[in-house]
Structure formats: C-alpha cells, structure tokens
Amino acid sequence: MSTECLFCRIVEGTLPATVVHETETVLAFRDIDPKAPTHVLVIPKEHHADAAALASADPALAGEVLAVAGEVAKLDAVDASGYRLVFNTGADGQQTVFHAHCHVLGGRGMTWPPG
Ligand code: 5GP
Ligand code: ZN
C-alpha cells in the first residue's frame, strides 16, 4: 500500500472520506466533487492501478467491487430507477487517480454517448 496514493490514504484513514459501505476488502465513499445526486467511488482496499490491473491480479476482488457497487445503488435507492458504473482508465479515459475505482452514478438521467 502506497501512502502517495490518495485512495490508499482514505483506506488507511489518514485522509477523511464519507464512507457509505465497507467490507473486509472493499470501501465505498462519496466522491468529493459529485457529478450526479449519487456519486460514490467503490475501491478495493488493496492498491491496483486500474480496473484491468485489478481484474488481472485478482478477479474475485474485482467481482467484490462490482457487488458492492450494486449494494451502494440499493443504499442510495437508485437501483430501481437505474444508474451507471464507470471505470475511467488511462489518459483518454480521463483517469486522474491511479487506484482502481468504480464510479456509481445515479439519481438523474444519464446521456449516451458520454462526453
Ligand atoms: P477518475 O477521474 O480517476 O476516474 O476519478 C477520480 C475521482 O476521485 C474524481 O471523481 C474526483 O472527484 C475524486 N476525488 C479526487 N480526490 C478525492 C478525495 O480526496 N476524496 C474523494 N472522496 N474523492 C476524490
Ligand atoms: Zn492506492
């Protein structure tokens, strides 16, 4: 675990975050700059640079991240209306934090294709 990584610092508890759900291996917390009424980030507690690296290193953990994303949608009551899961990856994908994270976006209609 690298203390240089923002999300590792949230896992360690040295950077505050509004946690909405937690398991032994996965943490879910509200995005600091929400793009929708529901905007939660679901991360593996273990550091992996992006979704592909996570899925390659530990497919079960990647599955746990997706399962928690579904739980978060239920907690925020957006499961019935629908929501979007996003893994931004690399420069063109607009990834800014290089610790794998799943955005859970909901509470409003989404557009397609995304910008
Ligand atoms: P990315 O652009 O890498 O897909 O998403 C990174 C997300 O992390 C952005 O939506 C950004 O608002 C969020 N973020 C950046 N720094 C912090 C922080 O310190 N705390 C929280 N809760 N979210 C953050
Ligand atoms: Zn990290």
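The values are calculated or read from the model by the stated rules, or taken from the named source; none is laboratory data. Computed from a predicted structure; not experimentally measured. All Cβ positions, even for glycine, are placed from backbone atoms using ideal geometry, and neighbour counts span all protein chains on display.
Has the range 23-30 got any residue that is in contact with a Ser or Thr (Cβ under 6 Å, 6 or more places away or on another chain), assigned to a strand (DSSP E or B) and within 15 Å of Gly106 (Cβ to Cβ)?
Taking the range 23-30 and keeping what is in contact with a Ser or Thr (Cβ under 6 Å, 6 or more places away or on another chain), we get 29-30.
Filter once more, keeping what is assigned to a strand (DSSP E or B): 29-30.
Those still in the list that are within 15 Å of Gly106 (Cβ to Cβ) too: 30.
The answer is yes, given that some residue of the range 23-30 is in contact with a Ser or Thr (Cβ under 6 Å, 6 or more places away or on another chain), assigned to a strand (DSSP E or B) and within 15 Å of Gly106 (Cβ to Cβ).
Suppose we keep only residues that are in a loop (DSSP other than H, G, I, E, B) and surrounded by 10 or more Cβ atoms within 10 Å (Cβ to Cβ) within the range 4-15. Which one would you say is nearest to ligand 2 (Cβ to nearest atom)? Walk me through it before giving the result.
From the range 4-15, those in a loop (DSSP other than H, G, I, E, B) are 4-5, 13-15; that's our starting set.
Now narrow it down to the ones that are surrounded by 10 or more Cβ atoms within 10 Å (Cβ to Cβ): 5, 15.
Numbers: Cys5: 3, Leu15: 11 Å.
Once the filter is applied, the top-ranked residue is Cys5.
Suppose we filter Ala77, Ala91, Ala100, Ala55 for residues that are modelled with pLDDT of 95 or more and within 15 Å of ligand 2 (Cβ to nearest atom); which single one remains?
Values: Ala77 fails: within 15 Å of ligand 2 (Cβ to nearest atom); Ala91 fails: within 15 Å of ligand 2 (Cβ to nearest atom); Ala55 fails: within 15 Å of ligand 2 (Cβ to nearest atom).
After applying the criteria, what remains is Ala100.
Taking the range 73-110, which residues are β-branched (Val, Ile, Thr), within 10 Å of the chain's Cα centre (by Cα) and either closer than 21 Å to Arg9 by Cβ or more than 10 Å from ligand 1 (Cβ to nearest atom) (or both)? Walk me through how you get there before you give the answer.
The initial filter retains those residues of the range 73-110 that are β-branched (Val, Ile, Thr), namely 78, 86, 89, 96-97, 104.
Subsequent filtering for residues that are within 10 Å of the chain's Cα centre (by Cα) retains 86, 104.
Of everything in the range 73-110, just one residue is β-branched (Val, Ile, Thr), within 10 Å of the chain's Cα centre (by Cα) and either closer than 21 Å to Arg9 by Cβ or more than 10 Å from ligand 1 (Cβ to nearest atom) (or both), namely Val104.
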